[in-house]
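Below is one structure, written out as structure tokens; the observations come after it.
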Amino acid sequence: MKAFLVANPKGGSGKSTLATNLAAYFAHQGAPVMLGDIDRQQSSREWLALRPFALPTIETWDTGPDKVCRPPKGTSHVVLDTPAGLHGKMLDRVLKLSARIIVPVQPSLFDMLATRQFLDALLAEKVVRKGKADVAVIGMRVDARTRAAADLAQFFATYDLPVLTYLRNTQVYVQATAGGMSIFDLPPGRSARDLTQWQPIIDWVNAPGG
């Protein structure tokens, strides 16, 4: 089973957007995928409740703020959406379930400051130090023409971590989410640019060892 943890202590960093779209990608590949949501806001679970039955299935399971339930047998891929402020015992618990950790970051000073503290703590975790879990970062809602985008790239450069991609700031994600969909569920004409930006993520999650 391949498990992917989407985490950042900063609220509104794009975790649920990333987690729901990643789960939808696996579903479109025919994988038995489960989307876990340990965020008290339960954004991912609410998105699943909106998802049309005609689309590829994404399962979930009951989780709570104090424990993480393992998915049932037969699940090949797990995507775990996490709450803001993830740290301590909860971080230790979810890291034990995850082979790969994706950290989404928005191009703002507050997001980068919060993420720096989280990345420093994450990289100090035993499972990461010993190479049992891989970490990558993604720029979220980025306008490449702005100074903020350059600042984010400079921030990423201070870490020896793969920067998978920069996802643009677009209403395509907002409109898809409102209907329980992802960019992988949309007609190619509406999502072609975004699918291109997602290709490095797809390559990374499908690489051996994930």
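Summary table
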{"item": "Residue match in the range 110-123 (condition: part of a loop (DSSP other than H, G, I, E, B) and either touching a residue at least 24 places away in the same chain (Cβ under 8 Å) or farther than 23 Å from Leu22 by Cα (or both))", "result": "no"}
{"item": "In the range 50-77, residue farthest from Ala27 (Cα to Cα) [restricted to those that are modelled with pLDDT of 90 or more and out of contact with any helix residue (DSSP H, G or I) (no Cβ under 7 Å at 6 or more places or on another chain)]", "result": "Leu50"}
{"item": "Residue in the range 38-48 that is modelled with pLDDT of 85 or more, more than 15 Å from the chain's Cα centre (by Cα) and under 20 Å from Pro162 (Cα atoms) present", "result": "no"}
{"item": "Any hit, the range 8-27, residues being within 24 Å of Leu119 (Cα to Cα), of a type in the set (A, V, I, L, M, F, W, C) and either modelled with pLDDT under 90 or surrounded by fewer than 14 Cβ atoms within 10 Å (Cβ to Cβ) (or both)", "result": "no"}
{"item": "Any hit, the range 189-196, residues being modelled with pLDDT of 95 or more and buried (at least 17 other Cβ atoms within 10 Å of the Cβ)", "result": "yes"}
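The values are calculated or read from the model by the stated rules, or taken from the named source; none is laboratory data. Predicted model, so just to flag it, every value in this text is computed and none were measured. Reconstructed Cβ throughout: ideal geometry from the backbone, glycine too, with neighbour counts over all protein chains shown.
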